[in-house]
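Structure first, commentary second.
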Amino acid sequence: MRFLDPILLLCFLALFSCSEAKQDSQEIPSETFRNEVSATEVRVAQAERKSFDYLINATGKLEALSEVKALVEREGYLEKVQVLEGQFVQKGQVIATFDRREAEFALDKAKINLIKAQSELEVLKVQFQLALESKDPQVVKTVQERIRVNSGLSLAEVELKEAELNLARCEVRAPVSGRIANIKFKEGSLVTKNAEFAEILSTDQLLLRVKVLESDVPLISSSQKAEIYPISDPQNALQGTVLAINPKVDENGLVEVTLRLATSKNLLPGMNARAIIRAPQSNSLVVPKDAVVFRSGRAVVFTVENGKESKWNYVEVGRDNGREIEVLDGIPENATVITSNNLQLAHQAPVKIVTE
């Protein structure tokens with residue numbers, strides 16, 4: 001009886017085993033491997049067509065509605081500052097006084113000159129009595145005017161008014177009601193004419209000037225509502241409205257928008273604040289912002305197919321408001337979109353929808 005060569009026997013057995021293994025592997029369907037991979041738990045939402053509030057965010061500084069400079073109207077030594085910074089003053093209230101002695105002397109001199117001119121007028125009236133008694137009204141009027149001029153009364157009256165005005169200019173008065181800011185001089189300072197003494201701010205009405213992108217300007221209109229968050233109190237929103245839109249775009253492609261605040265409580269000009277201008281968009285297809293991920297620079301939304309696997313969808317996105325984002329193209333309305341565990345999700349990966 002002949003026995004096979006041991007080496008040939010081993011080769012035969014190895015070849016038979018490989019062939020059988022190959023046949024077994026071909027018989028296992030790919031679905032079996034997919035079922036062996038544990039499903040990723042995901043949360044979902046619906047792609048809805050609805051009104052969508054686009055939020056335009058911008059920051060700026062608060063300003064007083066009115067900021068008026070109180071100017072010094074005559075040169076002199078500042079005698080007394082009668083207000084403090086932050087103090088509220090009424091329009092016309094005296095806020096500073098200058099040395100009055102020179103102006104008072106000039107006023108006394110003007111009064112004396114007026115009395116002298118009035119005496120000279122009486123003398124001239126006697127001299128021109130006949131002309132003044134004329135029945136011609138035009139003659140009487142002409143004589144009266146000449147008497148006033150020749151007596152020096154007309155000039156004396158003008159000089160008296162000028163002296164009174166110069167005396168009044170020894171006081172700096174508030175041009176408007178508001179709060180005092182930025183007092184420039186101390187008592188005893190020699191101040192020149194037309195120098196700025198202080199600013200008067202109407203802090204009961206505040207504005208916020210912000211810069212927005214030129215592409216957002218068509219979405220903004222006068223009287224549009226806005227939410228304003230001062231840096232001093234970022235948790236509580238104040239109501240505001242759009243007051244004005246600058247028609248000029250600056251070199252950075254930005255446009256200045258002015259907002260009026262409904263209240264100025266506990267706020268001061270110069271404070272920083274953030275504005276959110278709401279621009280409602282109608283009939284937009286919207287998904288939660290968490291549903292959009294980016295792969296190789298392109299926006300992707302995963303949807304759920306057959307209730308158990310993911311589908312990769314390239315989408316074109318529009319505006320977002322921090323919570324939701326517009327989808328312009330790529331998924332149908334009412335599609336079930338995946339909003340969690342989608343950063344590393346693959347196409348046709350098994351998923352399990354959770355609701356908790």
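The values are calculated or read from the model by the stated rules, or taken from the named source; none is laboratory data. This one's a predicted model, so the numbers in the text were calculated from it and none came from an experiment. Note that we place each Cβ from the backbone using ideal geometry, even for glycine, and neighbour counts take in every protein chain shown. Calculation scope for accessible area: heavy atoms of the full protein, side chains included, ligands and nucleic acids excluded. Shrake-Rupley method; radii C 1.70, N 1.55, O 1.52, S 1.80 Å.
Numbers below:
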read-out: Descending Cα extents along the principal axes, the stretch 98-177, whole Å; value: 55, 28, 12
read-out: In nm, spacing of pseudo-spin labels at Gln46 and Ala262 (7 Å Cα→C-beta vector); value: 3.3
read-out: Whole-number D in µm² s⁻¹ for the stretch 279-356, Kirkwood Cα-pair radius fed into Stokes-Einstein, 4 °C, 1.567 mPa s; value: 100
read-out: Listed residues Val286, Phe197, Leu160: farthest to the positive end of the dipole of the chain (Cβ charges); value: Leu160
read-out: Tensor-based shape of the stretch 76-124 (alpha-carbon gyration tensor, a/c under 1.5 rounded, otherwise prolate or oblate); value: oblate
read-out: Nearest-10 value in Å² for the accessible area of Lys248, using the 1.4 Å probe; value: 150
read-out: Rg(Cα) / (2.2 N^0.38 Å) computed for the stretch 140-265, rounded to two decimals; value: 1.89
read-out: Within straight-line cross-link reach of Lys50, lysines at Cα separation under 28 Å, skipping those fewer than 8 residues along the same chain; value: Lys225, Lys289, Lys308, Lys311, Lys352
read-out: Whether the stretch 216-356 is rounded, prolate or oblate, judged on the alpha carbon gyration tensor where a/c under 1.5 counts as rounded; value: prolate
read-out: Protection-proxy order for peptides 138-148, 319-329, each taking the mean of Cβ atoms within 10 Å per residue, highest first; value: 319-329, 138-148
read-out: Kirkwood estimate for the chain, i.e. one over the average of 1/r between Cα atoms, Å; value: 29.7
read-out: Area of Leu190 that stays accessible when all protein chains are in place (1.4 Å probe, Å², to 10); value: 90
read-out: List Arg169, Arg74, ordered by accessible area with a 1.4 Å probe, largest first; value: Arg169, Arg74
